[in-house]
Amino acid sequence: MEPGLVADIVGVAAQPTGTVTLLFSDVEGSTRLLERLGTERYAEVLEVHRRLLREAFARHEGYEVGTEGDSFFVTFARAEDAVAAAGEAQQALADGAWPDDAAARVRMGIHTGEPLTSEDSYVGIDVHRAARIMAAAHGAQVLVSETTAALVDGT
């Protein structure tokens, strides 16, 4: 079976190559939230968070590179799709039905570049830039690199 065919059958985006837009996300204050809610209630919040983000990413053909704890690393073939997915995800998080009104505040960073494709992941300075951009954001905020902004704005 051809590599792209499986992705089409199950509705999962194929791994983008070449120029890609990288999105990192992280729940702000997750340790404090876990301590406040306890493990079981936090697990419920985490599940809602993951579902809402995955739905938004999938609608814009995001390729889920990986997750760790409450973080996502997702790539997109087009900068516009990454920015639209981030916006929709933030709106879904804001509107979400949260257990015990314990909403997850998620920060996101987006950068476009040409990382090396390594099996089902990526390597290179652009990956690090996207992660650093995310780290500079606050909960419920999406920060976009100048490179990505120029692609989205058409400048």
Val123, sole failed condition from (1) open to solvent by 50 Å² or more (accessible area, probe 1.4 Å); (2) under 20 Å from Ala58 (Cα atoms); (3) of a type in the set (Val, Ile, Thr): (2)
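Residues of segment 68-82 being of a type outside the set (Ser, Thr, Tyr) and surrounded by fewer than 23 Cβ atoms within 10 Å (Cβ to Cβ), which ones?
Across segment 68-82, the qualifying residues are Glu68, Gly69, Asp70, Phe73, Ala77, Arg78, Glu80, Asp81.
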Considering every residue within segment 84-105, establish whether at least one is of a type outside the set (Val, Ile, Thr), over 27 Å from Leu34 (Cβ atoms) and in contact with a His (Cβ under 8 Å, 6 or more places away or on another chain). yes
In segment 48-67, residue most open to solvent (accessible area, probe 1.4 Å) [restricted to those that are out of contact with any helix residue (DSSP H, G or I) (no Cβ under 6 Å at 6 or more places or on another chain) and small (Gly, Ala, Ser)]: Ala58
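The values are calculated or read from the model by the stated rules, or taken from the named source; none is laboratory data. Bear in mind that the values here come from a model prediction, so they are computed numbers and not experimental data. Positions of Cβ are backbone-derived with ideal geometry, glycine not excepted, and every protein chain shown enters the neighbour counts. These area figures cover heavy atoms from the full protein model, side chains too; ligands, DNA and RNA do not enter into them. Shrake-Rupley method; radii C 1.70, N 1.55, O 1.52, S 1.80 Å.
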